[in-house]
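Taking it in order: structure first as structure tokens, then the write-up.
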Amino acid sequence: MANLILDKSKRGWWQSAVFYQIYPKSFQDTTGTGIGDLQGIISRLDYLQKLGIDGIWLSPVCASPQVDNGYDVSDYCAIDPMFGTMADMEMLIAEAKKRNISIIMDLVLNHSSDQHFWFREALKSKDNPYHDYYIWRDGDADTLPNDMWSVFGGPTWTYVPHLGQWYFHQFAPEQPDLNWENPKVRQGLYSFIRFWVDKGVEGFRLDVIDQIAKDPDLKVTTNGPKLHDFLRELSREAFQEEGLVTVGEAWGADVERAKLYSAPDGSELSMVFQFEHMGLDQTSWQKWDFAPLPLVKLKDCYRRWQQGLAEKGWNSLFVNNHDLPRIVSRWGDDTVYRVPSAKMLATMLHGMQGTPYIYQGEELGMTNIKLPLEEYVDVEIHNLFRDRTAEGYSPEAVMESIWKRGRDNARTPMQWTAGENAGFTTGKPWLKVNPNHTEINAEAALADPDSIFYYYQKLIELRKSLPVFREGSFELLCPEDEKVFAYTRDMGNAHLLVVCNFTSKAVPFEIPEAFRNAKTLVANYPDTADTLRPYEARMLYYE
Ligand code: GLC
């Protein structure tokens, strides 16, 4: 299938684009270190071009002690030697551009590493010029400034005895929060952004951007009072003139706030990356307390977002990333119906309005992994085990949570071949390769015209060829149906119907009259039947 080339000189080109997220550590190793690298990504650009994507969201590659896999940056303008050199990065940007693929870098602006020059200076004394780049509270070692709890477990405060002060961190102690109230911090961060724009980077994914305006005195982390003031300044000073695509990770966004983030006037960001749909299958606010997916709620959630942002903002479409378990293991079936359910989930998502993000391996239907505790690397997993067993949970129960929801599920190396280490490395992989690579791998997918890979390729091509995907209005059908997710998109004479069976049983469904003679754009069964078969998905279209 021929690739459709997007004209990126057009304003808002990213609304027709499909992005692909690369987690560099796990993508492709070329040096035998067991860790993926930039040359590895370059060597796989043809594969990505074949898939048809328009941009790569590159998870962090800047210098970092890797306490949180690069989300702890010690030098924003240097490449971590583990991944290669600045010359490799320049080559990646250039080689990607040749294939009309834009590089979108991951920017971690809420916090730095404790090894960043700013923090090392800040630690020296209270009157050091960099001290106020971070957030401090005076006190003694026995009394925490307050009871705020960090995302990865433990208090948000760490004590520095020689200063007689606590510093604030929403994540690990090695990730001190930057003080956005200080204009010098903001200007410093903007200069890092300009550095990368000058190198040819065409956009940024902004890590936990809803947490930058924290206020520990109010015990506020997300959506702080100054959040949108900060974002507008950031946009004005660093983004607008360059015409970049900017994506804000915002766990705390609701539809109203998303309209601010992604206002069509471009005053803040291009689009929001929000998670409401990812938090429905749990029994508490914590992802570890998992529950079956409530499909009726999921559909209502999508409906609210689709209709709420229409003409007022722009959403990202995703069900996977490096922080989430593999979707086929979560909402699909990773055993008998792995292939149809992976295609069904892709159909459900790619029919909507927004910009899709495919997370590496999703296009192969990669699954979760089950490892013993000691084989996991993620700091969050180990802290969870420590904290929950101390609270009295049984180790077995905690492991169940980790197997279902741990972030390392998504971080196992990319499965390229059925061979040793899935063709990811000739060395010892930093995290176990999923043993199912013998069956699930890119080589096999490319050789099978019916594979999940080619199904994604088709969806990507469709999105680029039919404007109804970008602009059509959204209508949810059968909202109370607990098994079928069906919706229509309409734009003038163009009408699209998406129908998805979320279960492993055949279910009745009547195709609406108007679509009886419509063309099938894509489907995961070769023919039609009176019912929707297990995980059956169909996209119908007429003009
Ligand atoms: C974001 C990243 C996650 C990281 C955290 C702290 O949520 O996606 O991987 O651990 O921010 O930077």
### Message
Can you tell me which of (1) touching a residue at least 40 places away in the same chain (Cβ under 8 Å); (2) outside any loop (DSSP other than H, G, I, E, B); (3) farther than 17 Å from T425 by Cβ is the one A78 doesn't meet?
### Response
(1)
### Query
List pairs: first in the range 199-223 and closer than 17 Å to Y167 by Cβ, second within 16 Å of the ligand (Cβ to nearest atom) and of a type in the set (S, T, Y), Cβ under 7 Å, 6+ apart or cross-chain?
Q211/T221; Q211/T222; K214/T221
### Task
Identify all residues within the range 213-222 that are in contact with a Ser or Thr (Cβ under 9 Å, 6 or more places away or on another chain) and within 16 Å of the ligand (Cβ to nearest atom); write none if there are none.
A213, K214, T221
### Query
Being touching a residue at least 12 places away in the same chain (Cβ under 8 Å) and touching a helix residue (DSSP H, G or I) at 6+ places or on another chain (Cβ under 7 Å), is that true of even one residue in the range 116-123?
yes
### Out of P60, P65, sole residue that is within 16 Å of the ligand (Cβ to nearest atom), touching a residue at least 24 places away in the same chain (Cβ under 8 Å), within 14 Å of L109 (Cα to Cα) and assigned to a loop (DSSP other than H, G, I, E, B)
P60
#### Entry: Cβ-Cβ under 6 Å pairs, at least 6 apart or on other chains, the range 242-266 side touching a residue at least 60 places away in the same chain (Cβ under 8 Å), far side part of a loop (DSSP other than H, G, I, E, B) and not basic (K, R)
V245/S270
#### Entry: In the range 81-115, the residues that are free of Cβ contacts under 8 Å to residues at least 60 places away in the same chain and either closer than 23 Å to I209 by Cβ or among the hydroxyl-bearing types (S, T, Y) (or both)
T85, Q115
### Task
Among the residues of the range 149-180, count how many are within 16 Å of the ligand (Cβ to nearest atom), assigned to a loop (DSSP other than H, G, I, E, B) and not polar (S, T, N, Q).
11
### Message
What's the total number of residues in the range 209-231 that are out of contact with any Gly (no Cβ under 9 Å at 6 or more places or on another chain), surrounded by 15 or more Cβ atoms within 10 Å (Cβ to Cβ) and not in a strand (DSSP E or B)?
### Response
4
### Task
Considering only the range 393-509, give the strands (runs of 3 or more DSSP E) lying wholly within it that have at least 3 residues that are more than 16 Å from the ligand (Cβ to nearest atom), of a type in the set (A, V, I, L, M, F, W, C) and in contact (Cβ under 8 Å) with a residue 40 or more places away in the chain.
494-501
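Name the residue, out of D198, D210, that is at pLDDT 95 or above, more than 16 Å from the ligand (Cβ to nearest atom), of a type outside the set (G, A, S) and farther than 17 Å from V67 by Cα.
Going through D198, D210 in turn, just one is at pLDDT 95 or above, more than 16 Å from the ligand (Cβ to nearest atom), of a type outside the set (G, A, S) and farther than 17 Å from V67 by Cα: D198.
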### Which listed residue, of R407, R411, is touching a Phe, Trp or Tyr at 6+ places or on another chain (Cβ under 8 Å) and closer than 27 Å to Q66 by Cα
R411
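The values are calculated or read from the model by the stated rules, or taken from the named source; none is laboratory data. Computed from a predicted model, the values in this text were never measured in an experiment. Every residue, glycine among them, receives a Cβ derived from its backbone with ideal geometry; neighbour counts consider all protein chains shown.
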